[in-house]
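Worksheet: one structure, shown below.
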Amino acid sequence: MEPFDPITSARGVGPVLGRRLAEAGCRRIADLLAHLPVRYEDRRALGRLPGRGDDSSEGPEEPLTVVVRLEKLRRVFGRRRFSRVEAVAHDGENRIGVVWFNRPYLVNQLDEDASYLLHGVPRRRGGDGDWQLANPTVERVDEEPAGGGVRPVYGRIGDVPPSRVERLVHGAVSRLTESRGSDWIDEWLPIEERARHGLPSLAEALTAVHCPSTEASVEALNERRSPAHARLAYGEFLLQQLQLAAGRRRRSRHGKPHRYESFDAAERVARELLPFRLTRAQERVLEEIETDLLGRRPMLRLVQGDVGCGKTVLAALACLVAARSGLQSALMAPTELLAEQHFASLRRLLGSHLALALVTSSQRVASDGCGAVLERVADGRIDLTIGTHALIQERTRFACLGLAVVDEQHRFGVVQRQALAQKGQRPDLLVMTATPIPRSLALTVYGDLDVSLVDEMPPGRSPVETRVLTEKHRDEAVDLVRQRLRRGGRAYVVFPLIDSGEGSAAGLPSLEKSGAWWAEALAGTHGVVHGRLGREERDETMSRFSTGSIRVLLATTVIEVGVDVPEATAMVILGAERFGLAQLHQLRGRIGRGTDQTLGEPICIAISGGSSAEAERRLAVFEASTDGFRIAEEDLRQRGPGEVLGTRQAGLPQFRFGDLARDWKWLVAARADAGRLLDRLAEPGKEPLRRQLERRIPALGASAEGTAEP
Ligand code: ADP
Ligand code: MG
């Protein structure tokens, strides 16, 4: 028997069963093996029943698996139509009462003489030392089970019941292992990829999911986060991404007109300029950018990374390389404030090596010499132009735009991204975002962007401690914030609304209603910013906050994007139940950006006005994790890809092993690897992968048509 033989070659599968399986899409042995267990039961602790009055040291909440004989099996009728089945289980030493509710048929299915495996959590019944096992799973054991182990539980295939499926799968795995050894199904993933990600081989992965070892983590198996599951998901994603990459390749035959000098010189300069060392993640992404820039076709790359991971410096280095190659670059930010901040910090960093300019729509032409600036951009004297949407306005022209950078790209639409690109001739495009999914996930699945991850924080950041409190405890929040203020920190208080008249907002805290209370409670010099203030007033307040003449900022979510005040170490978010996870996380990213240890540990307090279970779950995730990727994944899980990806739902590709929410990191990895592999499919060692690709198969990789050859 071979893995890709027809299903009827499995022992015990005759023509009839073969047809039933085939009707459910299971035509070959491999299809059977692609049918993963739906869950796993931990039966490693094959135990002893707690005796009467037994002072169980394991604690009563531990699940227990025991082999027993049943005695005194009977059905007991309770009030109304309810009945239960009771028995006494006996393991040769002790007895324990067993009861099943709502499963009256058990009384006919179970026998007093037979042996059974019970799995459940024993609890004390009353105070007299008697134990009871309620609703345990029960399974007949013909022979004494060998140890128990971690047992996979299957779903049905078509109308073939789980127990039958289990026997078939295990029969197939053991026969294949006997006849073909431990590499019983051919590996097609290149060894480099497997090694890089530390993934098991296909045979190892399938063995691990179907016949878990006794050391396996049941939790990981159940959540489908085991290395074996990762291997299967990654393999599936890789094939899909190779197909997408091949398509992208076909679309982008045209090269770009400009060329970059080698990175070496620019990098040496850059590294001397930087007051810190790049993190490993930054180095990796920089290399990806470098490869793109030096390549023939225009870069189209999305850099994702949590707030504060240091994306800007990567863009800055790329701009420096462009300038040294005689090319202009542009950096577009979603707000004026952010553009100004970038301008100030990049001028500090790069000012002696290239000419920078700031272009925003509110620049007063006369005093800022805006006209003159635009002229210098247009004739190529400015190397790096930083600005807002003003960059894509008619009046802004470039002499030779080689590199376009879009910061916080989730704030822009695709149209604006393209408009910026149209300011040059097929310029390289770098887009950056701190909101990884959902949009970027969609892009990863369908889109035209390559994706890089900066999944590491610069050293020295203290993670932001997060607390979720109710309205009743706002005094506690005040205390915590005042502690930070006393140490020299600054604080944000974020309101969901400006005034309480807005929308259906009964009872939600608003700036107008509660602002004064918070200002007084925190007793710091305070300022107010929200979207209805004029830009000048807003910017004025922001910059006073940033210089420290204002210590407390009462604000709406206008502060969500980009504001960089390293001294801000406290944040209170009011009406937190109203915000989505991604937005909460984005807000929290405004604090804890500094490395000044004397300011103490940054704190974010989400005050929730009590609400739905869903909001509670959301806030629990927010409280427990500061990892933006984890949060984005959870957001996707809670809202589902349908909600998150909106109308594109119908077009979502179906994956057999991979799950877009759970495994999206593997999807991103597969995408990066696919880009690399596409050019190397002809190399030795890649034939198996090439063959899989040519067959274009789902699941395990072999063609659904069932050619006998793997
Ligand atoms: P974001 O990814 O949110 O745009 P920034 O690029 O604004 O993050 O970086 C946040 C802060 O971290 C900046 O002050 C920046 O200078 C600093 N930073 C970036 N990279 C490093 C690093 N490798 N080591 C130390 N500090 C860094
Ligand atoms: Mg940034």
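Side notes on the structure shown:
- For region 519-559, average projected area of the Cα convex hull in nm²: 2.7 nm²
- Nearest-0.05 FRET efficiency for R461 and D379, computed from C-beta distance (R0 45 Å): 0.60
- Potential extension, Q583-R103 segment - 0.36 nm per residue separation minus Cα distance: 168.2 nm
- R676 versus Q393: modelled label distance in nm, points set 7 Å from Cα along the beta carbon direction: 4.5 nm
- Relative contact order (percent, whole number), the chain, Cα cutoff 8 Å, 6+ residue spacing: 13 percent
- Diagonalising the gyration tensor over the Cα atoms of region 63-215 and scaling each eigenvalue by 5 before taking the square root yields semi-axes of 41, 17, 15 Å, largest first.
- Here is the P(r) of region 205-274: all C-alpha pair distances, binned every 10 Å from 0, give 15, 22, 16, 21, 19, 7 in whole percents.
- Charge tally in the Cβ shell below 10 Å around T8, where Lys, Arg are +1 and Asp, Glu are -1, T8 excluded: +2
- Taking the inverse of the mean reciprocal distance over all distinct Cα pairs, the Kirkwood hydrodynamic radius of region 157-259 comes to 16.3 Å.
- Using the rule -39500 (n - 2.57) for each DSSP H run of four or more residues, divided by the residues of the chain, the 222 nm mean residue ellipticity is -11500 deg cm²/dmol.
- Working from label points 7 Å from Cα in the Cα-to-Cβ sense, the R175 to R280 distance is 4.5 nm.
- The simple Förster model, with R0 at 25 Å and r as the Cβ-Cβ distance, assigns S9 and S217 a FRET efficiency of 0.15.
- Local net charge near S201, Cβ-Cβ under 12 Å (Lys/Arg +1, Asp/Glu -1): -3
- Under DSSP loop assignment and at most 15 Cβ neighbours within 10 Å, longest GluC sites (Glu not before Pro)-free interval of the chain: 503-704
- Charge dipole magnitude, Cβ of K and R +1, D and E -1 - the chain, Cα centre, debye nearest 20: 1480 debye
- Site-free segments of the chain were taken between chymotrypsin sites (Phe, Trp or Tyr not before Pro) in DSSP loops having at most 15 other Cβ atoms within 10 Å, sites themselves excluded; the longest one is 277-710.
- R348-A195 FRET efficiency (beta carbon distance; Förster radius 45 Å; 0.05 resolution): 0.60
- To the nearest 10, the accessible area of C604 is 0 Å² with a 1.4 Å probe.
- Rg/Rg_globular for the chain, with Rg_globular taken as 2.2 N^0.38 Å and Rg from C-alpha atoms: 1.17
- The portion of the accessible surface of the chain made up by carbon and sulfur, rounded to a whole percent, is 48 (1.4 Å probe; DNA, RNA and ligands excluded).
- Take the Cα of E614, step 7 Å toward its Cβ, do the same at R125, and the gap between the two points is 4.2 nm.
- Set of lysines near K513 by C-alpha distance (under 21 Å), chain-local residues within fewer than 8 positions excluded: K472
- 1.4 Å probe accessible area per residue over the chain, in Å²: 45 Å²
- Ignoring lysines fewer than eight residues from K256 along the same chain, the ones with Cα atoms less than 22 angstrom from its Cα are K423.
- Considering only alpha-carbon pairs that sit under 8 angstrom and 6 or more positions apart, the relative contact order computed for region 250-404 is 25 percent.
The values are calculated or read from the model by the stated rules, or taken from the named source; none is laboratory data. Predicted model only: the values in this text are computed from it and were never measured. All Cβ positions, glycine included, derive from the backbone under ideal geometry; neighbour counts span all protein chains shown. Protein only, heavy atoms only, side chains kept; ligands, DNA and RNA dropped before computing areas. Shrake-Rupley method; radii C 1.70, N 1.55, O 1.52, S 1.80 Å.
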